[in-house]
Every structure is written in structure tokens, then in C-alpha cells.
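Please see the structure below; I have some questions.
The values are calculated or read from the model by the stated rules, or taken from the named source; none is laboratory data. Just so you know, these numbers come straight off a predicted model, no measurement behind them. Here the Cβ positions follow ideal geometry from the backbone for every residue, glycine too, while neighbour counts run over all protein chains shown. We work out accessible area using only protein heavy atoms, side chains counted, and drop any ligands, DNA or RNA first. Shrake-Rupley method; radii C 1.70, N 1.55, O 1.52, S 1.80 Å.
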Amino acid sequence: MTARPGQRVSHRRGSARRRATIAGLSALGLTGAAIVTTSMLSTAGAATSSWPSDTGGKPVSETVPVSGTYDGGMKKFYGTGDLGGDGQDEGQDPVFELADGATLKNVIIGTPAADGVHCKGSCTLQNVWWLDVGEDAASFKGTSSSAQYKVIGGGAKKADDKVLQFNGAGRLTVTGFQVEDFGKLVRSCGNCKKQYKRTIVLSDIDVTTPGKSIVGINTNYGDTATLSKIRIHGDSKKKIKTCTRYQGNSSGKEPKDLGSGADGTYCVFSSSDITYT
């Protein structure tokens, strides 16, 4: 079931993990305009199957606010204390919260991952990796129809349910991303109290089983999803749904499943845009 802002649906995770030692946020040394140390990733190349190694660990006991650009230098950030959850409990706080227009780059989010990353408005997540998704990997919450959310490179795995949760308004573009062992890669909120028209563009994506659905949208709110260069690995029986259409609502009820696959209006792609290996 799709999460509502402030009232997420509770799901269970099979095992609890050992909590890391609590450390002060001051050890992070984060600022709203940290120096950018790496060049922009190319969005033209295919996503790879490799996962990065971290350059050190950074425990986080309180949500880290980010404005401007923060380059994490490929350190692994993980929750402690109040952020020490790694399951699907309701209402968890994120490890990072991005202000409108902020960029988070070169970050690995380990476990516990709490509710990953929240974007309060337009944002860019560049080369961000989730090793074990908690409640969600990232949630996009801007309320402007002109909001732009960009996920460039990076990847996520071990997501019991959603990876990228689209609660707000605007356009979400995901390029050069890889995902494995997941429920849904992208979900337009199906039962948020406040609903919007949402545009989703997915390109150059590597999807590895097990998984349930690449993207879910609400046709009654005018959502669209455009897919291209989607590579699905290990799914010879084609069980992973490509694009699922729902009838969303603002009452908190379970959205009605209207079917899946390309329809030329809401789910836009051709058979050549999806390949199986």
C-alpha cells in the first residue's frame, strides 16, 4: 500500500539488525555548501552491475539538513539512536533532508537506513547508493507543479516495498540507476491526503530480480510514466510488472489496480524499450 505523508503504512521486515554506536552529529562536519570534489556523472552510459566501496563510516543520530550542494566523498552514512530503524515502521525520519534546490552526491546509505532521503522541493540525488533500504530510499515532497527531482546514477537494493516514493507534485527523472531485490522502484502516491499530477521519466535503468514493479502511477490524476533503455536481469518469465496503472484516492484506501503495460497515454514505451537478459 502506498504511504501517506505523515501516516505511512506499516510493513514488517523479517529481522532486526544490530544498532550502531550513537555518535554526535558534529562528527559529520556537514555544511549547506560543501565543496564539490567530483565531476558530474554522465547520464548517457549504461548503469553497471558493480556496487561501490565506502571510504569510511559516518553514524547519524539526527536528520542532516542539506541546502546547496553536499558531496559525501563516498562515505557510508547510517542511522543510530532515533534513526536506528531499518524496517517499515510508520513515520520514520530521514537520514538526509534536502531543501528546495539542494543536491546530495557521492553518498552511500548503509544500515540502519531509516527513511533514507527526503526532498522538500526540487532536488538532485547524484551517485547516491542505498545498501539496504529502510522505509523508503527517497521521498519527493515538493508541492509545486514545476518541481524537478533528478536521480542521476546510483542504486538501491533490499527494499521490502518502495524505493523512490513520489508524494509531491512535479517531474521525477531517473537515469543511470540500478535496483535489485525490491518491491517497487517508483510509486506515485496512491492514497496521499493531498494528490497531484505527477510525471515520471525512467531511462538507462538496470533492474535485477527479485522485484515486483518498476513504476506505479495514478491515471485518474493524470500521471504519466515514460520508460526507455530498461534492462531487466534474471526475469525469464517476465514476472516484474513494467508500468502499473492505479486509480488513486485521497482517503487512505488501497488504490485500485487498473492493469499494467504500455497504453500509449499514461504508460508510454514500446517493446524495444524493455530488454531481458
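How much length is gained if the chain between Thr265 and Thr277 is pulled fully straight, taking 0.36 nm per residue apart and subtracting their Cα-Cα distance, in nm to one decimal?
Contour length minus the Cα-Cα distance gives 1.6 nm.
Pop the C-beta distance of Glu62 and Lys239 into the FRET formula with R0 = 30 Å and round what comes out to the nearest 0.05.
Given R0 = 30 Å and the Cβ-Cβ separation, E is 0.15.
Just the accessible area for Val64, please: 1.4 Å probe, Å², rounded to the nearest 10?
Probe radius 1.4 Å; accessible area of Val64 about 0 Å².
Right, another one. So how far apart, in nm, are the two label points at Asp82 and Trp51 if each is 7 Å from Cα heading toward Cβ?
The answer from the label model is 2.9 nm.
If you don't mind, there's one more thing I want to ask. Determine the per residue accessible area of segment 155-277 with all protein chains present and a 1.4 angstrom probe, expressed in square angstrom.
Counting only protein heavy atoms, the per-residue value for segment 155-277 is 39 Å².
For every other residue with a beta carbon closer than 12 angstrom to the beta carbon of Ser67, add +1 if it is Lys or Arg and -1 if Asp or Glu, then tell me the sum.
Charge balance in the 12 Å sphere: -1.
Counting only protein heavy atoms and using a 1.4 Å probe, what share of the accessible area of segment 183-277 belongs to carbon plus sulfur, as a whole percent? Mind dumping the intermediate values first?
Numbers: 2130 of 4170 Å².
In segment 183-277, the share of accessible area belonging to carbon and sulfur is 51 percent.
Can you pull the accessible area of Lys238 for me, 1.4 Å probe, Å² to the nearest 10?
Roll a 1.4 Å probe over it and Lys238 shows about 130 Å².
Give me the 1.4 Å probe accessible area per residue for segment 108-152, excluding ligands and nucleic acids, in Å².
I get 22 Å² per residue for this part.
If you don't mind, there's one more thing I want to ask. Give the accessible area for Asp93 in Å² (nearest 10); use a 1.4 Å probe, count only protein heavy atoms, and leave out ligands, DNA and RNA.
That residue has around 90 Å² of solvent-accessible surface.
Kindly sort Glu180, Glu135 by accessible area of their heavy atoms, largest first, with the probe set to 1.4 Å.
Accessible-area ranking of Glu180, Glu135, largest first: Glu180, Glu135.
Considering only Cα-Cα distances, which of the following residue pairs are longer than 20 Å: Lys76/Lys158; Lys162/Lys212; Lys120/Lys158; Lys76/Lys120; Lys120/Lys162?
Correct reply: Lys120/Lys158; Lys76/Lys120.
Okay, moving on. Given a 1.4 Å probe and heavy atoms of the protein chains only, how would you sort Asp54, Asp273, largest accessible area at the top?
Asp54, Asp273
Hey, another quick one. Using r as the Cβ-Cβ distance of Ser146 and Lys194, and R0 as 25 Å, what FRET efficiency do you calculate, to the nearest 0.05?
Here the calculated transfer efficiency is 0.90.
Checking the a/c ratio against 1.5 first, then a/b against b/c, what shape does the Cα gyration tensor give for segment 90-190?
rounded
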